[in-house]
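S.K.: Pasting a structure here, questions to come.
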Amino acid sequence: MEKVKVRIKVNGSDSDREVEPRLLLVSFLRDELGLTGTHIGCDTSHCGACTVLLDGRNIKSCTLLAVQADEREITTIEGLATAQGKLHPIQEAFWKHHALQCGFCTPGMVLSAVALLAQNPTSDEEKIRHGIAGNLCRCTGYQFIVDAIQDVARQMKDAGT
Ligand code: FES
Ligand code: FES
């Protein structure tokens, strides 16, 4: 199949590649760029393990073709911490609240939380549960994840952001 040129900005850097038109975005990230923090759990748009940000909105990267992300901006879990290694506040909160066990769902869960609080910083528990409804976790029972996200929402409120 004839390859197509794409330019996708991933974690702040342009990535130029020639890809097959049928290549999924998740495979582009993992196989072309080596960003294996984006996980594949189901490949059928159910689990949310493959969640990334597309122009700031959380999407399931197994449901999008790489060519559909051409000239768009993607953030993966690898792009959240600063270059100096300082974790994003959501990552800090997951650590503090023990919001992960095996960690398989965590990158997608964290990115959904980042998108949720960017859109709605004053999210209460109900909104948080709704915001992460597309991300499945087999380990934690969700409560500690909700606690972590709520903690950051509170911090943002206190800081007036
Ligand atoms: Fe994409 Fe499960 S791998 S939703
Ligand atoms: Fe194991 Fe969520 S921590 S699936």
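The values are calculated or read from the model by the stated rules, or taken from the named source; none is laboratory data. What you see is a predicted model; the values in this text were computed from it and never measured. Please note: Cβ atoms are built from the backbone with ideal geometry, for glycine as well, and neighbour counts cover all protein chains shown.
S.K.: Give just the number: which of (1) surrounded by 19 or more Cβ atoms within 10 Å (Cβ to Cβ); (2) assigned to a strand (DSSP E or B) does Ser15 not satisfy?
M.R.: The single condition Ser15 does not satisfy is (1).
S.K.: Kindly indicate whether Ala133 is under 16 Å from Gln150 (Cβ atoms), more than 10 Å from the chain's Cα centre (by Cα), within 16 Å of ligand 1 (Cβ to nearest atom) and not assigned by TED's automatic domain parsing to the domain that holds Asn11.
M.R.: Considered against the rule, which asks whether it is under 16 Å from Gln150 (Cβ atoms), more than 10 Å from the chain's Cα centre (by Cα), within 16 Å of ligand 1 (Cβ to nearest atom) and not assigned by TED's automatic domain parsing to the domain that holds Asn11, Ala133 comes out as yes.
S.K.: Oh, and also: Can you tell which of His97, His39, His46 is more than 13 Å from ligand 1 (Cβ to nearest atom), under 16 Å from Ile132 (Cβ atoms) and not small (Gly, Ala, Ser)?
M.R.: Selected residue: His97, the only one of His97, His39, His46 that is more than 13 Å from ligand 1 (Cβ to nearest atom), under 16 Å from Ile132 (Cβ atoms) and not small (Gly, Ala, Ser).
S.K.: If you don't mind, there's one more thing I want to ask. Quick one: which of Lys60, Lys96 is among the basic types (Lys, Arg) and more than 12 Å from the chain's Cα centre (by Cα)?
M.R.: It is Lys96.
S.K.: Any idea which of Ile59, Ile145 is free of Cβ contacts under 8 Å to residues at least 60 places away in the same chain, under 21 Å from Arg30 (Cβ atoms) and either out of contact with any strand residue (DSSP E or B) (no Cβ under 9 Å at 6 or more places or on another chain) or within 16 Å of ligand 1 (Cβ to nearest atom) (or both)?
M.R.: None of the others qualify; the one that does is Ile59.
S.K.: Whether any residue in region 44-62 is in the same structural domain as Val26 (by TED's automatic domain parsing) and modelled with pLDDT under 95 is what I want to check.
M.R.: So far as region 44-62 goes, yes, one or more of its residues are in the same structural domain as Val26 (by TED's automatic domain parsing) and modelled with pLDDT under 95.
S.K.: A further question follows. Of all residues in region 7-41, count the ones that are among the hydroxyl-bearing types (Ser, Thr, Tyr), free of Cβ contacts under 8 Å to residues at least 12 places away in the same chain and more than 18 Å from Cys62 (Cα to Cα).
M.R.: 1
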